[in-house]
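The values are calculated or read from the model by the stated rules, or taken from the named source; none is laboratory data. No experiment lies behind these values; they were computed from the predicted model shown. A quick note on method: Cβ atoms are made from the backbone with ideal geometry, for glycine too, and the neighbour counts reach across all protein chains shown. Ligands, DNA and RNA are excluded from the accessible area calculation, which covers all protein heavy atoms including side chains. Shrake-Rupley method; radii C 1.70, N 1.55, O 1.52, S 1.80 Å.
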Amino acid sequence: GTGGDYVRAEAADGGGTNNANFSTPVETATSGGTPRMQMYLWPGNQFGAQNQVVVDSVGSFDAAWSRFGAAPTVAGTFGQFFNANNGCLAADYAGAAGKIVVVTGGSAGCQNVDKTRRAGENGAIGIVYASGTTPVVLTGSQTTAVPNIPVASITAADGTTIRNAIAAGPTTGTVRKHPNHPGIRDGDF
(Lines give C-alpha, C1' and ligand atoms only; values in the text may rest on other atoms or scores of the structure.)
Protein backbone atom coordinates (compact mmCIF):
# COMPACT_ATOMS: atom_id res chain seq x y z
CA GLY A 1 0.00 0.00 0.00
CA THR A 2 0.89 3.65 0.10
CA GLY A 3 2.33 5.42 3.11
CA GLY A 4 1.14 8.44 5.09
CA ASP A 5 -2.43 7.29 5.73
CA TYR A 6 -4.18 9.32 8.38
CA VAL A 7 -6.17 7.70 11.21
CA ARG A 8 -9.82 8.63 11.65
CA ALA A 9 -10.02 8.95 15.46
CA GLU A 10 -13.58 8.98 16.82
CA ALA A 11 -13.49 10.32 20.37
CA ALA A 12 -16.46 9.61 22.67
CA ASP A 13 -17.92 7.57 19.80
CA GLY A 14 -21.66 6.95 20.05
CA GLY A 15 -21.48 3.48 18.51
CA GLY A 16 -21.14 1.69 21.83
CA THR A 17 -20.01 1.79 25.44
CA ASN A 18 -17.40 0.07 27.60
CA ASN A 19 -15.07 -0.74 24.73
CA ALA A 20 -12.76 0.52 22.00
CA ASN A 21 -11.58 -0.80 18.66
CA PHE A 22 -9.15 -0.08 15.86
CA SER A 23 -9.67 -1.27 12.31
CA THR A 24 -7.21 -1.25 9.46
CA PRO A 25 -8.62 -1.48 5.94
CA VAL A 26 -7.34 -3.83 3.29
CA GLU A 27 -4.90 -1.94 1.10
CA THR A 28 -3.88 -2.59 -2.46
CA ALA A 29 -0.55 -1.78 -4.08
CA THR A 30 -1.99 1.41 -5.57
CA SER A 31 -4.29 2.76 -2.88
CA GLY A 32 -3.94 3.69 0.74
CA GLY A 33 -6.58 3.11 3.38
CA THR A 34 -8.09 5.01 6.26
CA PRO A 35 -7.66 3.26 9.61
CA ARG A 36 -10.42 3.95 12.14
CA MET A 37 -10.12 4.17 15.91
CA GLN A 38 -13.34 4.20 17.96
CA MET A 39 -13.10 5.13 21.64
CA TYR A 40 -16.29 4.75 23.68
CA LEU A 41 -17.55 6.11 26.99
CA TRP A 42 -17.65 3.94 30.12
CA PRO A 43 -20.87 5.08 31.87
CA GLY A 44 -20.51 2.91 35.00
CA ASN A 45 -24.05 1.48 34.90
CA GLN A 46 -23.09 -0.95 37.68
CA PHE A 47 -23.05 2.05 40.05
CA GLY A 48 -26.64 3.07 39.25
CA ALA A 49 -27.99 6.24 37.66
CA GLN A 50 -25.41 8.72 36.44
CA ASN A 51 -27.55 11.80 37.12
CA GLN A 52 -30.37 12.95 39.37
CA VAL A 53 -33.21 15.44 39.15
CA VAL A 54 -34.17 16.79 42.57
CA VAL A 55 -37.49 18.63 42.85
CA ASP A 56 -37.96 20.56 46.08
CA SER A 57 -40.90 19.30 48.18
CA VAL A 58 -41.54 16.52 45.62
CA GLY A 59 -38.58 14.11 45.58
CA SER A 60 -35.52 12.99 43.67
CA PHE A 61 -35.51 11.05 40.42
CA ASP A 62 -32.76 8.92 38.92
CA ALA A 63 -31.68 10.25 35.53
CA ALA A 64 -29.63 8.99 32.61
CA TRP A 65 -27.12 10.94 30.56
CA SER A 66 -26.79 12.51 27.14
CA ARG A 67 -24.23 12.17 24.36
CA PHE A 68 -24.82 15.85 23.52
CA GLY A 69 -24.97 18.99 25.61
CA ALA A 70 -23.25 19.46 28.94
CA ALA A 71 -23.08 16.83 31.65
CA PRO A 72 -24.65 17.86 34.97
CA THR A 73 -22.07 18.80 37.59
CA VAL A 74 -21.74 17.61 41.19
CA ALA A 75 -22.97 21.00 42.44
CA GLY A 76 -25.77 20.90 39.90
CA THR A 77 -27.85 23.55 38.23
CA PHE A 78 -30.54 25.02 40.48
CA GLY A 79 -33.59 26.81 39.17
CA GLN A 80 -37.30 26.91 38.61
CA PHE A 81 -38.74 24.14 36.43
CA PHE A 82 -40.68 25.01 33.29
CA ASN A 83 -42.97 22.69 31.28
CA ALA A 84 -42.08 23.03 27.58
CA ASN A 85 -44.49 20.22 26.63
CA ASN A 86 -43.30 18.44 23.48
CA GLY A 87 -40.54 20.99 22.91
CA CYS A 88 -40.61 20.81 19.12
CA LEU A 89 -41.69 24.40 18.53
CA ALA A 90 -39.87 27.60 19.45
CA ALA A 91 -43.13 28.77 21.07
CA ASP A 92 -42.88 25.88 23.57
CA TYR A 93 -39.97 27.74 25.19
CA ALA A 94 -41.67 31.14 25.65
CA GLY A 95 -40.96 31.98 29.29
CA ALA A 96 -38.18 29.38 29.68
CA ALA A 97 -35.34 31.90 30.13
CA GLY A 98 -33.41 31.21 33.33
CA LYS A 99 -35.33 27.98 33.98
CA ILE A 100 -34.84 24.21 33.71
CA VAL A 101 -37.20 22.95 31.03
CA VAL A 102 -38.98 19.60 31.05
CA VAL A 103 -39.81 18.20 27.60
CA THR A 104 -41.15 14.97 26.16
CA GLY A 105 -38.25 12.93 24.81
CA GLY A 106 -38.21 10.90 21.63
CA SER A 107 -40.97 12.86 19.93
CA ALA A 108 -41.59 12.28 16.26
CA GLY A 109 -40.89 15.29 14.09
CA CYS A 110 -37.94 16.74 15.99
CA GLN A 111 -34.71 15.44 17.44
CA ASN A 112 -33.74 15.67 21.10
CA VAL A 113 -30.58 17.55 20.15
CA ASP A 114 -32.75 20.15 18.35
CA LYS A 115 -34.86 20.57 21.50
CA THR A 116 -31.71 21.19 23.51
CA ARG A 117 -30.59 23.76 20.96
CA ARG A 118 -33.97 25.55 21.12
CA ALA A 119 -33.96 25.51 24.92
CA GLY A 120 -30.48 27.06 25.02
CA GLU A 121 -31.36 29.65 22.38
CA ASN A 122 -34.32 30.69 24.54
CA GLY A 123 -32.18 31.09 27.66
CA ALA A 124 -32.96 27.84 29.49
CA ILE A 125 -30.32 26.83 32.05
CA GLY A 126 -30.97 23.06 31.76
CA ILE A 127 -33.21 20.50 30.09
CA VAL A 128 -34.82 17.29 31.35
CA TYR A 129 -36.26 14.73 28.93
CA ALA A 130 -39.19 12.59 30.11
CA SER A 131 -40.06 9.42 28.21
CA GLY A 132 -40.35 5.65 28.49
CA THR A 133 -40.32 3.40 31.52
CA THR A 134 -36.59 3.71 32.23
CA PRO A 135 -34.30 6.72 31.80
CA VAL A 136 -32.62 6.46 28.39
CA VAL A 137 -29.25 7.60 27.12
CA LEU A 138 -29.98 10.50 24.77
CA THR A 139 -28.36 10.52 21.34
CA GLY A 140 -28.80 12.49 18.16
CA SER A 141 -27.11 13.88 15.10
CA GLN A 142 -24.63 16.59 16.00
CA THR A 143 -24.04 18.45 12.76
CA THR A 144 -23.99 21.82 14.55
CA ALA A 145 -22.93 22.88 18.02
CA VAL A 146 -25.39 22.29 20.86
CA PRO A 147 -25.85 24.67 23.79
CA ASN A 148 -23.75 24.17 26.86
CA ILE A 149 -26.65 23.44 29.24
CA PRO A 150 -26.97 20.33 31.43
CA VAL A 151 -29.04 17.51 29.93
CA ALA A 152 -30.69 14.61 31.77
CA SER A 153 -33.30 11.93 31.00
CA ILE A 154 -36.02 10.62 33.36
CA THR A 155 -39.01 8.32 32.94
CA ALA A 156 -42.34 9.50 31.56
CA ALA A 157 -43.97 8.81 34.96
CA ASP A 158 -41.38 10.96 36.75
CA GLY A 159 -41.94 13.66 34.14
CA THR A 160 -45.67 13.59 34.85
CA THR A 161 -44.98 13.98 38.58
CA ILE A 162 -42.76 17.02 37.93
CA ARG A 163 -45.23 18.54 35.45
CA ASN A 164 -48.05 18.17 37.99
CA ALA A 165 -45.90 20.01 40.55
CA ILE A 166 -45.19 22.78 38.01
CA ALA A 167 -48.92 23.13 37.30
CA ALA A 168 -49.63 23.51 41.04
CA GLY A 169 -47.29 26.49 41.36
CA PRO A 170 -43.66 27.55 41.04
CA THR A 171 -41.41 24.51 41.46
CA THR A 172 -37.67 24.66 42.02
CA GLY A 173 -34.95 22.06 42.12
CA THR A 174 -31.64 20.86 40.78
CA VAL A 175 -30.31 18.81 37.89
CA ARG A 176 -27.03 17.27 39.05
CA LYS A 177 -24.61 14.39 38.78
CA HIS A 178 -25.87 11.64 41.06
CA PRO A 179 -23.97 11.90 44.37
CA ASN A 180 -23.53 8.10 44.55
CA HIS A 181 -22.10 7.67 41.03
CA PRO A 182 -18.33 7.94 40.45
CA GLY A 183 -18.80 9.51 37.01
CA ILE A 184 -18.73 8.54 33.37
CA ARG A 185 -15.23 7.67 32.16
CA ASP A 186 -13.99 8.58 28.71
CA GLY A 187 -11.86 5.95 26.97
CA ASP A 188 -10.02 8.71 25.08
CA PHE A 189 -8.30 9.84 28.26
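Where [x] 71, 36, 27; [y] 50, 36, 30; [z] 80, 31, 28 are the candidate values, the label of the one calculated here for Cα extents along the principal axes in Å is [x].
Please give me the summed charge of the neighbours of M39: other residues whose Cβ is under 9 Å from its Cβ, Lys and Arg +1, Asp and Glu -1.
Cβ neighbours under 9 Å give a net charge of -4.
What's the magnitude of the charge dipole for the chain around its Cα centre, counting Lys and Arg as +1 and Asp and Glu as -1 at the beta-carbon? Answer in Debye, nearest 20.
For the chain, the charge dipole is close to 320 debye.
Maximal additional length on extending the A20-T139 stretch stands at 41.0 nm, based on 0.36 nm per residue less the C-alpha distance. For the chain, the carbon plus sulfur part of the accessible surface works out to 53%, probe radius 1.4 Å. Excluding ligands, DNA and RNA, the accessible surface per residue across the chain is 50 Å² with a 1.4 Å probe. Think of each Lys and Arg Cβ as +1 and each Asp and Glu Cβ as -1; about the Cα centre, that makes the dipole of the stretch 54-147 roughly 160 debye. Each Cα pair under 8 Å and six or more residues apart adds its separation to the average, and for the chain the resulting relative contact order is 28 percent. Could you work out how far helix 156-168 tilts from the main Cα principal axis of the chain, as a 0 to 90 degree angle to the nearest 10? The answer is roughly 40 degrees.
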